[in-house]
Amino acid sequence: MRERGTSLAARAATVLLSAAVLVLGAALPSWADGKADLAVRAMAVREVKLGDTVTMRLGVVDYGPAAPASSARLTLQAPRGTRFVRGSVDHGGGACEINSLDTRVVCGLTRTQQWKDVQPGGPMVWGTFQLVVVGKIGSVGSAVVSCSCDPYSPNNRTALVLNGNNPPAPKPGPHTSPTPSKSASPSATPSPTPVEMPTEASPVVPTDVAPGADGSGSAPEDDSGVDLLFVIGGAAVVLALGGLGFAVYLWRNSSDDEDDEAGE
């Protein structure tokens, strides 16, 4: 009888502890797995007109803690009325593919000549590409970094702006580490075709910008839900320990009753 009570107590404790482990596993944030946190930023070009060939600066950073995987991609969509100059994105490195209209480029980020040196926790790495204005400038373009290694997406997109203001600087995810050093100003990066960056407000701003195209509409994620999950996980552990104690209590009472009956 005593062995049966011991077995029941052990089983009850195992079930409760397993439930606690499952709850705690769900409560852990995805950033605890040591993922990358890639972010991108482009600098606007102003005073652009039909027929111009302009050079745009693009920066990529990894807030860490992990390095970008080989599957990381950089996708560029040209602003309406423009086309990419072939070979200007990867400088002939062969890591990028461009569509037949020269309006969309997809690159293997870690194989590009300009952004392959992005390191976790390091400064933003700046590169350049060229656009030719072939028509009326319309909606802004976009630059997006994507990777299964990066669970935080609000800082993965930036706008490619002509005759407008610079998109906002990206911010790291709520649980990334280590903190990267301050990136150098894009004007300090040497370029074969420098672009003048006036400081005054832009006289012309595209009027048909798609909502959220510049990536500024997404607010940083609130981690209060994560805190709540940790509270639930802690409560589950307490419940498991309480169940174990109750099972032991029942087993001891059962043993005492058997001893009393044997004494009678």
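The values are calculated or read from the model by the stated rules, or taken from the named source; none is laboratory data. This structure is a prediction, so every number in the text was calculated from the model and none was measured. Here the Cβ positions follow ideal geometry from the backbone for every residue, glycine too, while neighbour counts run over all protein chains shown. These accessible areas exclude ligands, DNA and RNA; they are computed on the full protein's heavy atoms, side chains included. Shrake-Rupley method; radii C 1.70, N 1.55, O 1.52, S 1.80 Å.
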If the chain between Arg73 and Ser153 were fully extended at 0.36 nm per residue, the gain over the current Cα-Cα distance would be 27.5 nm
With 0.36 nm assigned to each residue of separation and the Cα-Cα distance removed, Arg86 to Val132 gains 15.5 nm
Averaged per residue, the 1.4 Å probe accessible area of region 39-138, protein heavy atoms only, in Å², is roughly 41 Å²
So the compactness index of region 40-80, its C-alpha Rg divided by 2.2 N^0.38 Å, takes the value 1.60
Computed on Cα atoms, the radius of gyration and Dmax of region 53-164 in angstrom are 13.8, 43
Simple SL model, points at 7 angstrom along Cα→Cβ for Leu50 and Asp102; separation in nm is 1.7 nm
